[in-house]
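A quick write-up on the structure given underneath.
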Amino acid sequence: MRVAVLHEDRCQPKKCQNECYNFCPPVRNGIEVITWRKDNKPIVSEPLCIGCGICVHKCPHDALTIVNLPDEQEKDTVHRYGMNEFRLFGLPAPEKGKVIGILGANGTGKTTAISLLAGEIIPNLGDWEIEGSWDEVKDFYSGTEIQKHFNKLSDGNISIALKPQYVDRIPQMFDGTLRELLEKVASPEKVEEFSTKINLTSLDKNLSKVSGGELQKGAIAATILKDADLYFFDEPSSYLDIEQRIFIARMISELGETKSVIVIEHDLAILDYVTDNIHVMYGSPNAYGIVSQKLAVRNAINSYLDGYIQESNVRIRDSTIKFLKHPPRTGWDGQVLVKWPDLSKQLGDFQLEASAGEILGGQVLGVVGGNATGKTTFVKMLANELEPDAGEIENDITVSYKPQYINAPEGIIVGDLLQSVKGFDEHMLATELNGPLNLEPLMERELQTLSGGELQRVAVAECLLKEADLYLLDEPSAYLDANQRMVTAKTIRRSMEKRGKSALVVDHDVYFIDYIADGLLCFGGIPSKEGKAEGPYTMRQGMNVFLGRVGITFRRDKNTYRPRINKPGSRLDREQKSKKEYYYSN
């Protein structure tokens, strides 16, 4: 079977010479494989297409994707949005008393799968020209476990609670305080009790004034407080620090003991920790997605990292993601870029204390710690944007900063934005950033039309293109899928090594930090009241300091060497805590 997809946002018929039509071999032989819509965009006939791929390569805007799939795949079509649009093959099945995970690249249909299972969309089984019918869906899944789910869904005998992916959009949909939002789903007493449990401190703030971390916890609270049969959590760890992620993961795991829970998550450590089984989703982003069979958690994550699912005998990615067996790394013998003594800074009610340290040229330091413990304040002092109350920084340095929350103003084209960067290096963009960050398809699009992951990749590129001594990237992994996170980490690290520059990378994904960093700066204290910065440490020292505060331990997977969270109270957890080896033992 043939899958032909037109990417509407990329197709620009006024800026091309109809290459897809003019170079198509069947068209040149008089076969109408490609015809035209009223807006002059092409329609590709899948039955007539020979799958040669010439139109894909000739299109100057990468607006076409054509893929050949086995003919038997067609019988698994669950939903198709339209002619030459995205289609999904297969669905994950909810199970009562279990947390089912969904792992896959952005654009392969994870959110579509949730929408179908939640009843927001009725599956059309591939026939996009008619609305889906519950009777046809139930017949299609006759005799399977998922048929029971669709029976309940069509009869209205199942209640659904869904935490959305983009929590930063909640203020646009609800004008009020966090307390008012939560009291729409639960009583004031339950809201107060649950807010205390998860340390929700912004209950009486207007949502437009609430931080990303508090919005995320509020969205999770609103979901868990609902009395439902099936719960969906779409990327619940975004904006949360490691300690908060573990706490929320435990709550979701407890919920899954009695309810049906499905979790989409790109933080592999959290996904590993919270789920009972995982479905891997793969395919061609924004073209089609395939749902794998249910896999054991360890096997699913290792298969995803390897890029090959043995059970299905299918390669889902050309490259593998590899972790180092031993703690990284060199980079502690370079020249000093910036050095500071003991520093302190008072900002309103918040007090930051930082112990003396230095950053070396070419070094990448991970920055870990709770939200609101002074990480950004510290960097602003290094950049001379804030003057310390005590202590004086010795070096004058320039800083390029990627903020946690990315602004996407109207009317700004991605290519124009990147070319306007001070010190813009076209060669660097073409050779070091364009390929790994997959920027080419985004160049002629407006920032406002980008997804969260696409916007993140552009923001990272913008930061790295600026000429600076020190690069600060605040949560560069947010909204990126697991593979994109590792590629982005490698891109940042390679850029620093090649240019002899330094970076501070603030992130709460342990995989990302483990992959990218030479060492760590550790922040502790009481959020919004006092912060304490310590380091730089080596990775092993720093993670032992940080995880010792959090009270969790990590081990290495024996095959992939990826970090894995030990179950609290397990034999390894007890052994490592007794040795004060929280990160992993050799």
**Request:** Diagonalise the Cα gyration tensor of region 492-540 and give the resulting equivalent ellipsoid semi-axes, square root of 5 times each eigenvalue, largest first, whole Å.
**Result:** 24, 12, 10
**Item:** Eligible lysines near Lys75 by straight Cα distance, threshold 22 Å, same-chain separation 8 or greater
**Value:** Lys110, Lys138, Lys148, Lys294
**Message:** Just to verify a number: FRET efficiency for Glu8 and Ala390, C-beta to C-beta distance, R0 = 60 Å, to 0.05?
**Reply:** 0.60
**Request:** Note the angle between two axes, namely the Cα long axis of helix 145-155 and the longest principal axis of the Cα atoms of the chain, as a number of degrees from 0 to 90, rounded to the nearest 10.
**Result:** 80
**Prompt:** Taking the Cα-to-Cβ direction at Glu257 and at Tyr405 and moving 7 Å from each Cα, how far apart do the two end points lie in nm?
**Reply:** 3.7
**Prompt:** Which entries of Lys339/Lys498; Lys402/Lys466; Lys375/Lys580; Lys466/Lys532; Lys402/Lys501; Lys375/Lys532 show an alpha-carbon separation above 19 angstrom in the structure shown?
**Reply:** Lys339/Lys498; Lys375/Lys580; Lys466/Lys532
**Message:** At 1.4 Å probe radius, can you tell me the per residue accessible area of the chain in Å²?
**Reply:** 44
**Prompt:** What's the carbon and sulfur percent of region 191-307's accessible surface, probe 1.4 angstrom, rounded to a whole number?
**Reply:** 43
**Asked** Relative contact order, percent, of region 151-250 when contacts are C-alpha pairs under 8 Å separated by at least 6 residues?
**Response** 41
**Request:** Evaluate region 372-491: find the radius of gyration of its Cα atoms, find its Kirkwood radius, and give the ratio Rg to Rh.
**Result:** 1.00
**Prompt:** For the chain, list the cysteines whose Cβ sits under 4.7 Å from no other cysteine Cβ?
**Reply:** Cys11, Cys16, Cys24, Cys49, Cys52, Cys59, Cys463, Cys522
**Asked** Relative contact order of the chain: what whole-number percent is it, with Cα pairs under 8 angstrom and at least 6 residues apart?
**Response** 13
**Solvent-accessible surface (1.4 angstrom probe) belonging to Val67, in square angstrom, nearest 10** = 30
**Request:** Excluding Leu473 itself, calculate the net charge of residues whose Cβ lies under 10 Å from the Cβ of Leu473, where each Lys or Arg counts +1 and each Asp or Glu counts -1.
**Result:** -2
**Message:** Per DSSP helix of 4 or more residues, -39500 (n - 2.57); summed, then divided by the residues of the chain. What does that give at 222 nm, rounded to the nearest 500?
**Reply:** -8500 deg cm²/dmol
**Message:** Below 14 Å, Cα to Cα, which aspartates and glutamates can Lys15 reach? Residues fewer than 8 away in the same chain don't count.
**Reply:** Asp39, Asp62, Glu444
**Request:** Report, largest value first, the span of the C-alpha coordinates of region 137-176 along each principal axis, in whole Å.
**Result:** 45, 18, 13
**Request:** Amide H neighbours of Gly101 under 5 Å, at least 5 residues apart or on other chains, H built in the peptide plane: list them.
**Result:** Val263, Asp276, Asn277, Ile278, His279
**Prompt:** About its Cα centre, what dipole magnitude does region 229-381 give when the only charges are +1 on Lys and Arg Cβ and -1 on Asp and Glu Cβ, stated in debye to the nearest 20?
**Reply:** 460
**Share of Cα-Cα pairs in region 430-586 lying beyond 27 Å, as whole percent** = 34
**Item:** Reachable aspartates and glutamates, given that their alpha-carbon falls under 20 Å from the alpha-carbon of Lys98 and they are not under 8 places away in the same chain
**Value:** Glu145, Asp227, Asp229, Asp234, Glu235, Glu254, Glu257, Glu265, Asp267, Asp272, Asp276
**Prompt:** What are the semi-axes of the equivalent ellipsoid for region 270-323, taken as the square roots of 5 times the Cα gyration tensor eigenvalues, largest first, in whole Å?
**Reply:** 18, 14, 11
**Request:** For region 347-452, give the percent of accessible area contributed by carbon and sulfur heavy atoms, probe 1.4 Å, rounded to a whole number.
**Result:** 45
**Request:** Summarise the accessible area of region 465-586 (1.4 Å probe, protein heavy atoms) by the percent that is carbon and sulfur.
**Result:** 48
**Prompt:** Given charges of +1 on the Cβ of Lys and Arg and -1 on the Cβ of Asp and Glu, with all other atoms neutral, how large is the dipole of region 1-91 about its Cα centre, in debye to the nearest 20?
**Reply:** 380
**Item:** Taking all pairs of distinct alpha-carbon atoms in the chain, Kirkwood radius in angstrom
**Value:** 25.7
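The values are calculated or read from the model by the stated rules, or taken from the named source; none is laboratory data. This structure is a prediction, so every number in the text was calculated from the model and none was measured. Ideal geometry is used to build each Cβ from the backbone, glycine not excepted, and the neighbour counts take in all protein chains shown. Calculation scope for accessible area: heavy atoms of the full protein, side chains included, ligands and nucleic acids excluded. Shrake-Rupley method; radii C 1.70, N 1.55, O 1.52, S 1.80 Å.
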